[in-house]
Structure formats: structure tokens, C-alpha cells
Amino acid sequence: MKKLTSWLRWMDDNLLHLTFIGFILATELVPKIPFAHVNYTYIKIRYDDFFPVILVGVFAVQWLRKKIVLNTKFLGLVLIFWAAVFISFLVGYYLQNTVIIFNTGLLNTLRRFQYMAVFFVASSVVVSEARFTQYMKYYIWALLFVAVYGVGQKFLSFPSIQSMNPAYVDGRILFLTPQDRINSTFGGHFDLAAYLTFSIPILFGYYFSKGKKIYFVFFIAALIALLYTSARSSFIAYIISISALFVYFRKFRLYFLVFLLTAVLLFVTGDMTKRFLQTFQIKTVFVNTKTGGSQISQKISTKNLPAGNLKIPLLKTTAANVNESEIQNVALAEAIKEEQRSGRKLNIQQIQKRADEIAKYIKPERTVLCDIACATRLQIEWPRAIGAFLFDPLFGSGPSSITEASDNDFLRWLGETGLIGTLAFLAVLYSIFRYIWNAAKKMPPEKKYIYYSFGFGLLALLVNALYVDVFEASKVAYNFWLVAGLFVGVIKLSKVKKHEKRIGK
């Protein structure tokens, strides 16, 4: 009986600690398996959405029982941001009618609360420096598993569950083809890549501080996984962040080695190189000079990223030499589309006659085009977000009002929450960065690299956010706020201990 009582007491004392470890591992290792569909979107609530709910629930119980103390550092700033998001939602739904579906807007609003709540739990569970080290070890070992599993999807047919589009969102188990991009346990290749770029500087921070080669091995695994995601924006963010890191620490020899290793792996893997080469493509475009419409001459396959219809204005467009039959085929396709739009039934002779008329206005041009991903951002998603911001610069048009993605977090913040919400969120990020960076300056050499590395990881996310909604991706957001909370928690703990020493406690 005494053993049982002792065990129960130990479980009670360590319940939050064990739950937090479980959260670290589950967030990184459990795939995004769907639980319930969200009406009027292709989004699904997933089982990993319950992980922070369980964590916060356990924390709340232990806090009410006075088993844990809430770390209120940055609580005021975060409350201002949450209030700004909620006001944007209310204004968008009740006044502007830009948030069409109440439940969808509310869920998008609460998602911001859910992500950032993890920060306060993480900053509060750090009751000793040993606990901080323990939690970060779990994070880093889980990172290795994520990287290895992702590479296993490429070469060993490890299963994949994705949530990037309506075709995959139902949670079906996929086996990737050689042309597919890996996603490991994440919802897609973009969020996996963002998570890796954020984590790689932290690996180097531990490598510099501890001097153990195992961290460099972890880096190689993470880099290989990053290259197989073929996420160009994340690769650019990786280059910028590690370049800044090595230059700041004056580790020029190691920088040369890492740069060389990256170049070799970039060439050997090939996926990322192909993706960059497809960013700008020379294509023949058939322009209807009467209507302004255009068609692109290209074959679409899983091996190639198709071009969008956005021309690069800085590069000269020239006339293209094509067969008359190609122009006739384009004109015939337009004639058939016209028939379908009008609802009239035409015979073959009538369609051909209309095609002959259209062919007179078809002008083939040889020009340089953005790929479809770039064109979609520049022509649809970014202008839509900018329009939402201009509609109401203060509060934006409300969460969920500009669809599921903008592929630029800065424009998404402006479009959905306006200047107030955007500035509040950036103030939170800046304040956390400054707090950790200033603390790193006062750390002994064997520790400071670890604390500095967080700043370079944040830099990678901010660069990535120019092209992807990284702070809105659940797994990226959980891991970022988790790590940020751990750093803030251990720094505040050390400051409290120094203060107690000064006053003689």
C-alpha cells in the first residue's frame, strides 16, 4: 500500500512533466490523422489538435492546485494580440460581412490562442536547468526521427499522410513516387521544411556549446531531409540563417565545410536543384490579340512543375516560330470552350469555322514565365491579401476571410488582422527574441551558443514566412512556441535565482 501511495504521489508530482514530454514527442512524431471535417472548407480537425488541449488542461488543473506557477512573462503582449485577433473576427463577421461562416472564423481565431498557449505552458514547466536540457534533448532526438522517417519515405516506402490539398485531406495512407516531395510526419513538405530550417541553427548551437559530433550528424540528417522536401523558400531561409550564424560566431572554416557539404548534397539529391531550375521557364504562349486570353504550350506531368501564365516583364518576349497546325489546335480548343460556355450545340463545320476566325487573332510568343506556384502567389493570393488589408487597414477582414492560405504570413496577418494585429504579433516575436538574445550575451561560452541559436532559427522562419504561412501551420507553430517557451522559462528561472542570491535567500 505504501508503494502504491508513493507511486501515486510521484505521478501527481510529475504529471505535468510527463504530459509535456508526451506533447513534445507526439507533436513531432504523430502524423496529422483527421478526426472531423470543418464545414465550408477542405480542412479537417486532426488528432494532433487535441494535444495542446490536453496539455493546457493538465496545466490548468495543476495550476489551480498550486502545483505549478504560471510564468506571466510576455502575457500582456500576447493578450493584446489575442484581443486584436478576436476584434478582427467580430468586426469581420458582424460589421463588414467579410467573415462569411461564423464557425469557420471562430475556429481560425481560436487557433491563434491554441498555438500560443503552448508557450506559457513551456515557459512554466522549466523548474530547473536540468529540466530545460531534458526537454531539449527530447526535441532534438525527435527531430532526428522526423528527418530519418522523411528520407525513408523517399527510399524505403514509409507511408505518408498529408493534408495539403482536398485530394489528400481525408487522411489516406500514401506511398510516395520518386517525383514526390517528402513530408515525414508533417502535413506537407512546406511545413516539414520550415520546421527543419528553424531547428538546424539550434543543432549548431548545441554543437558549438557541447562540441559533440553527434549534433553534426543530426544536422546532416536534417539537411538531407530538407533537400528532399524541395521547398525552395525554406532552402533559401536555411542558407540565410546559417550564413548569419557562422558569420556572427566567426566560424569561417566550419562555414566553408557546411557550404561545401550542402553543395555536394544539393547536387547528389537533385530534387531541390530541379525545383529551382523550374522556377522560370521559357515557353511558347499563344495570345488572342482580340480577347487578351492566352494558352501555354506545355506538357504537364509529375516530373515537372508547370508554368503559370505570369510573364517576367524584365525579359524580352519574342515571336515564336510554330507550325500552323499548332495555332489551329489552340483556336479549335477556344472554339470548343466558347460552345460549352454558350450552351449551344454546334456541328463540326460550325466549330471549325469559328476556329478559323479565332486563328486570325492568335499570336505565338516565346517568353519567360514563373512556375505555377510563383504565379498563383503573385496573381491571386498576395493581391487578395493586400486587398483585404486596404479594405480595412486597422483590423483587416477577419480570420478565415482570405481562404485557407496566402503563402506569405506577413500579408496574411495584414489581410486578416490589419495593422493592429500584425504589429501586436511582431511585437511578441521581437520581445521574445530580444529577451533571449540579451540573456545570451551574459551567458558563459559553453552556453551562449545555444541561446543565440534561437534567434537564427527565428530568422529562418521569418524569411520562410515571406513565401509560406509558417506561423499558421500547426506543427511548425507548436514546435516554435514550445521551444520559445523553454528558452524564456529557463532564462527567467536563472534571473530569479540570481535575485534570490543577491537578497540572501
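Ranked by Cβ crowding within 10 angstrom, fewest neighbours first, how are Thr133, Thr269 ordered?
Values: Thr133 14, Thr269 18.
The most exposed by this proxy come first: Thr133, Thr269.
Note on segment 248-270 and segment 447-488: Cα centroid distance 22 Å, given to the nearest whole angstrom. Here the residues Arg434, Arg250, ranked from fewest to most Cβ neighbours within 10 Å of their Cβ, fall in the order Arg250, Arg434. Only helices enter the 222 nm calculation for the chain: every DSSP H run of n ≥ 4 contributes -39,500 (n - 2.57), and dividing by all residues gives -21500 deg cm²/dmol, rounded to 500. The overall shape of segment 364-481 is oblate: from the C-alpha gyration tensor, with semi-axes ordered a ≥ b ≥ c, the ratio a/c is 1.5 or greater and a/b is no larger than b/c.
Multiply the residue gap between Lys2 and Glu339 by 0.36 nm, knock off their C-alpha separation, and tell me the result in nm, one decimal place. If you can, show how the numbers build up before the last one.
On the way: separation 337, 0.36 × 337 = 121.32 nm, distance 8.49 nm.
Length gained between Lys2 and Glu339: 112.8 nm.
Between Glu404 and Phe256, what's the calculated FRET efficiency when r is the beta-carbon distance and R0 is 30 Å? Round to 0.05.
Numbers: r = 42 Å, r/R0 = 1.39.
Step by step, r from the Cβ atoms, then E = 0.10.
With 26 Å as the limit, the listed pairs Lys66/Lys442; Lys2/Lys137; Lys311/Lys345; Lys337/Lys363; Lys3/Lys492; Lys212/Lys448 have Lys66/Lys442; Lys2/Lys137; Lys311/Lys345; Lys3/Lys492 beyond it between alpha carbons. Were the residues from Met11 through Asp170 laid out at 0.36 nm apart, the gain over their Cα-Cα distance would be 53.5 nm. In terms of its C-alpha gyration tensor, segment 24-124 comes out oblate, because a/c is 1.5 or above while a/b does not outweigh b/c. Using C-alpha pairs below 8 Å separated by at least 6 residues, the relative contact order for the chain is 21 percent. For the chain, the alpha carbon convex hull comes to 202 Å³ per residue, rounded to a whole number.
Each of Tyr248, Tyr478 was scored by other Cβ atoms within 10 Å of its Cβ. Arranged with the fewest first, they read Tyr248, Tyr478.
A simple count of charges around Lys210, restricted to other residues whose Cβ falls under 12 Å of its Cβ and scoring Lys, Arg +1 and Asp, Glu -1, yields +3.
Where a number appears in this text, it was derived from the coordinates with a stated rule and is not lab data. This one's a predicted model, so the numbers in the text were calculated from it and none came from an experiment. In this analysis, Cβ positions are derived from the backbone assuming ideal geometry, glycine residues included, and neighbour counts consider all displayed protein chains.
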